[in-house]
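Okay, so here's the structure we're looking at.
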Number of protein chains: 2
Amino acid sequence: MGKEISQAVIRRLPRYYRYLRDLLDEDIERISSNELSTRMNVTASQIRQDLNNFGGFGQQGYGYNVQYLYDEIGKILGLDCRHNIVVIGAGNMGQALAKYVNFEKRGFMIIGLFDVNPALIGSSIRGIPILHIDALSDFLREHRVDIAVLTMPKDKAEQISDVLVTLGIRAIWNFAHLDLHLPEDVVVENVHLSDSLMMLSYNIVKKRMEQTARPTDS
Amino acid sequence: MGKEISQAVIRRLPRYYRYLRDLLDEDIERISSNELSTRMNVTASQIRQDLNNFGGFGQQGYGYNVQYLYDEIGKILGLDCRHNIVVIGAGNMGQALAKYVNFEKRGFMIIGLFDVNPALIGSSIRGIPILHIDALSDFLREHRVDIAVLTMPKDKAEQISDVLVTLGIRAIWNFAHLDLHLPEDVVVENVHLSDSLMMLSYNIVKKRMEQTARPTDS
C-alpha cells in the first residue's frame, strides 16, 4: 500500500466506489472491465490502468471480484476507519449535513455542532447536540475528533480554522467561500458551491453561443 | 469573445472572481500580477498567462484594473445575466440552498421548490413557494427557468432529470449521488459531497502514513 498513486487516479476512486456499491446492491459478484466501462462511460483501458494501481485485482477471463474491489478501494479511501466530525456553524448548511444519514454509512459520524446563535444552542439534531463555540475546546479535549466542517460565514472562517488547528484538528472540510491558509500538515478539502454554480452558468452561456453560431442546415 | 479557452483556465476563473471581489470590497482599484500572486498563492506568470486569455487586461507598470477585470470575468462566467432556478427536492439540502442569499447577489434566483412530501407543500422559504412535483410542468410553461437543481434521493433523480429535459430544461446542478445520462446539449454540474468527503479521508490516511513513515530525527 506504500506506493504513490497519482492524484488524478485517486480523484476517480470515489466514483468507482459508488459504481461498485451499485453492483453489490444488484447482487452482481463479478464484472469485466468492458462491462464496467459501459456502465461508467469511460474506456475499458482506463479502468484497467486505474485498477492496476492496486495490484491487478482483475483476472483474465473472470473479471473483477466486485466485493473485493469495493473493500480494497474503501480501505484506500480510509473508509474502514470511523471518522468523528464536528460541524462549526449550525445554520442551514450545517443542519443539512447533520441530517444527512448517508455519511454515517461510510463511517463519517457527526458528534457535535457548534454555533454562536443563542436560539440554536441547547437544541439538537438527530441527537447531535448544538453547543456554544466557547465549549469547543473542552469538547475536543474529551472527544477524538478527526474532521472539522466549516459552514459558517466567510469572515469568521479564517479565525476559527486557526483555533481548530491550535486545538489539534488536522483535517478541515471547508464550505466557507474562501481559501484557508493553514500549516502543511493540515488536510483541507473545499466545497465552493458558488464556484460550482459559476461553472454551470459559464457552460450555459458557452452552449448558447455555440448553438447561435451553428449553421441551421442539416 | 469567440476564442476557445481551456477548461483548466475556466475552472480557475471563479477563484479569480472571488479574489477580485475581495479587492473591490477593500477599495483597491488596481493590482499587479505580483501582488495578486502573493494573495492567491499562485505564480505571477500563471496569473499573466491566465488573464492574457481575455485580451491582456493588464498594462505594464500599471497592473490590472480590478473593477474592469471583475466585470469581464463576470461576463465570461455568465454572471451578467439573471438565471432563474427551480430546486427539485425541498428536503434539508434544497432548503439550505433556498435560504442561502448569496446566490442572488450573483444573479442566481431560486423561484420555485418542488417536492412530493405533503408536509412541505404549500409552505414557503423566503417567499419561495414549495409546490407539488405534479405542478412542475405548468410552472415551467409559465416561467422561464434556466437551471434545475436536483437535491432529491438518488433513486428518483434519473427519472426526474429525464422529465426536466423533456420539459425543456438545459442545465442541471446535480446534488444527487449518481451520474446522470442526458443528451449532449444539456449542461450538468455535479456536487458529489460524499466523493469530496472520501477525498478528505483518503488524504487524512495518507498524511498519517507519511508521518508514521517519517524518521523522528531533526
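The values are calculated or read from the model by the stated rules, or taken from the named source; none is laboratory data. Keep in mind it's a predicted model, so treat the numbers as computed, not measured. Positions of Cβ are backbone-derived with ideal geometry, glycine not excepted, and every protein chain shown enters the neighbour counts. SASA here: full protein model, heavy atoms, side chains in, ligands and nucleic acids out. Shrake-Rupley method; radii C 1.70, N 1.55, O 1.52, S 1.80 Å.
For the condition at pLDDT below 95, closer than 30 Å to B:ASP185 by Cα and of a type outside the set (A, V, I, L, M, F, W, C), A:LYS206 qualifies.
Identify all residues within region A:179-201 that are farther than 19 Å from B:HIS192 by Cβ, at the interface with chain B (Cβ under 10 Å from one of its Cβ atoms) and either open to solvent by 20 Å² or more (accessible area, probe 1.4 Å) or in contact with a Ser or Thr (Cβ under 6 Å, 6 or more places away or on another chain) (or both); write none if there are none. Hits for region A:179-201 are A:ASP179, A:HIS181, A:GLU184, A:ASP185.
I'd like to know if region A:126-133 contains one or more residues that are surrounded by fewer than 14 Cβ atoms within 10 Å (Cβ to Cβ), outside any strand (DSSP E or B) and of a type in the set (Val, Ile, Thr). Working first, answer last.
Residues of region A:126-133 that are surrounded by fewer than 14 Cβ atoms within 10 Å (Cβ to Cβ), as a first pass: A:126-127.
Filter once more, keeping what is outside any strand (DSSP E or B): A:126-127.
Now narrow it down to the ones that are of a type in the set (Val, Ile, Thr): none.
No, because not a single residue in region A:126-133 is surrounded by fewer than 14 Cβ atoms within 10 Å (Cβ to Cβ), outside any strand (DSSP E or B) and of a type in the set (Val, Ile, Thr).
This table checks each residue for (1) crowded, with 20+ Cβ neighbours inside 10 Å; (2) touching a Phe, Trp or Tyr at 6+ places or on another chain (Cβ under 8 Å).
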{"position": "B:GLY61", "(1), (2)": "no, no"}
{"position": "B:CYS81", "(1), (2)": "no, no"}
{"position": "B:ASN92", "(1), (2)": "no, yes"}
{"position": "B:LEU113", "(1), (2)": "yes, no"}
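Scanning region A:173-201 for residues that are at pLDDT below 95 and aromatic (Phe, Trp, Tyr) yields no hits at all.
Scanning for something within 15 Å of A:VAL116 (Cβ to Cβ), out of contact with any strand residue (DSSP E or B) (no Cβ under 7 Å at 6 or more places or on another chain) and among the hydrophobic types (A, V, I, L, M, F, W, C), does region A:161-171 turn up at least one residue? Looking for residues that are within 15 Å of A:VAL116 (Cβ to Cβ), out of contact with any strand residue (DSSP E or B) (no Cβ under 7 Å at 6 or more places or on another chain) and among the hydrophobic types (A, V, I, L, M, F, W, C), one finds at least one in region A:161-171, hence yes. Only one entry of A:SER196, A:SER201 meets the criterion of being free of Cβ contacts under 8 Å to residues at least 12 places away in the same chain, over 22 Å from A:GLU104 (Cα atoms) and within 20 Å of the chain's Cα centre (by Cα), and that entry is A:SER196. In the set A:VAL86, A:VAL66, only one residue is within 14 Å of A:ALA171 (Cβ to Cβ) and either touching a residue at least 60 places away in the same chain (Cβ under 8 Å) or open to solvent by less than 30 Å² (accessible area, probe 1.4 Å) (or both); that residue is A:VAL86. Does region A:152-173 contain any residue that is outside any loop (DSSP other than H, G, I, E, B), among the polar types (S, T, N, Q), more than 8 Å from every other protein chain (Cβ to nearest Cβ) and without any contact (Cβ under 8 Å) to a residue 12 or more places away in the chain? So far as region A:152-173 goes, yes, one or more of its residues are outside any loop (DSSP other than H, G, I, E, B), among the polar types (S, T, N, Q), more than 8 Å from every other protein chain (Cβ to nearest Cβ) and without any contact (Cβ under 8 Å) to a residue 12 or more places away in the chain.
For A:TYR70, the conditions (1) of a type in the set (Phe, Trp, Tyr); (2) within 30 Å of B:ALA96 (Cβ to Cβ); (3) modelled with pLDDT of 90 or more are fulfilled apart from (2). One residue is enough: does region A:205-215 have a residue meeting the conditions within 12 Å of chain B (Cβ to nearest Cβ), within 22 Å of A:VAL87 (Cβ to Cβ) and open to solvent by less than 80 Å² (accessible area, probe 1.4 Å)? Looking for residues that are within 12 Å of chain B (Cβ to nearest Cβ), within 22 Å of A:VAL87 (Cβ to Cβ) and open to solvent by less than 80 Å² (accessible area, probe 1.4 Å), one finds none in region A:205-215, hence no.
Restricting attention to region A:144-160, the residues that are farther than 12 Å from A:GLY89 by Cα, of a type outside the set (D, E, K, R) and open to solvent by less than 70 Å² (accessible area, probe 1.4 Å) total 2. Mind checking which residues of region B:91-108 are within 7 Å of chain A (Cβ to nearest Cβ) and assigned to a helix (DSSP H, G or I)? Scanning region B:91-108 gives B:ASN92, B:MET93, B:GLN95, B:ALA96, B:LYS99, B:ASN102, B:PHE103.
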